[in-house]
Amino acid sequence: MSEPWHEADFLSAEKNEFAVILEAVSDGDPVGYAVGYFAADESELPSIAVSPDCRRLGAGDALLSALFDEVRSHGAAKMFLEVRESNDAAISLYEKNGFITAGTRKHFYDNPTEDALVMMKLL
């Protein structure tokens, strides 16, 4: 399974003028995040995570919807992401939100080695 981002990853994204960082909050506590990058008419979703006890309650959908709006406001017309081919829950979330599989990156992930599906959504 892929690991959530670490503090250094967020600090790097915060300094990037082409990044969007969103947080999902429930009862005042953070329960998830989504990070997006945008350039020209494309965007990328490098990381999204929701606390295990808050999954399947709409936080992932809400984060994606807000991220789509944000990158679209910066001119993005499509979004790309990579996901472990075995991550059925994430793939289901992405497909439910309009992503389609556009290709495969062989041996993209480590620990364990696994292919990534490249997914794309027109915004």
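Counting each DSSP H run of 4 or more residues in the chain as -39500 (n - 2.57), what helix-only mean residue ellipticity at 222 nm follows after dividing by all residues, to the nearest 500 deg cm²/dmol? For the chain, the value works out to -8000 deg cm²/dmol.
For Ser47, the residues whose amide H sits under 5 Å from its own are Val35, ignoring neighbours fewer than 5 places away on the same chain, with H placed 1.01 Å from N. Normalising the average separation of contacting C-alpha pairs (under 8 angstrom, six or more residues apart) by the number of residues puts the relative contact order of the chain at 20 percent. Look at the Cα gyration tensor of region 48-104: its axes a ≥ b ≥ c give a/c of at least 1.5 with a/b at or below b/c, and that counts as oblate.
Does the chain classify as rounded, prolate or oblate by the C-alpha gyration tensor (a ≥ b ≥ c root eigenvalues; a/c under 1.5 gives rounded; else a/b over b/c gives prolate, otherwise oblate)? Spell out each step's value before the answer.
Working: a/c = 1.30, a/b = 1.07, b/c = 1.21.
Rounded, because the longest to shortest axis ratio a/c is under 1.5.
For the pair Leu123 and Val25, label points projected 7 Å from Cα toward Cβ lie 2.4 nm apart. Here the chain is assigned +1 on the Cβ of each Lys and Arg and -1 on the Cβ of each Asp and Glu. Its dipole about the Cα centre then comes out at about 420 debye.
Quick note: the coordinates plus some simple rules give every number you see, no bench work behind them. Small disclaimer: the values here were computed from a predicted structure and weren't measured. Positions of Cβ are generated from backbone atoms using ideal geometry, with glycine treated the same way; all protein chains shown enter the neighbour counts.
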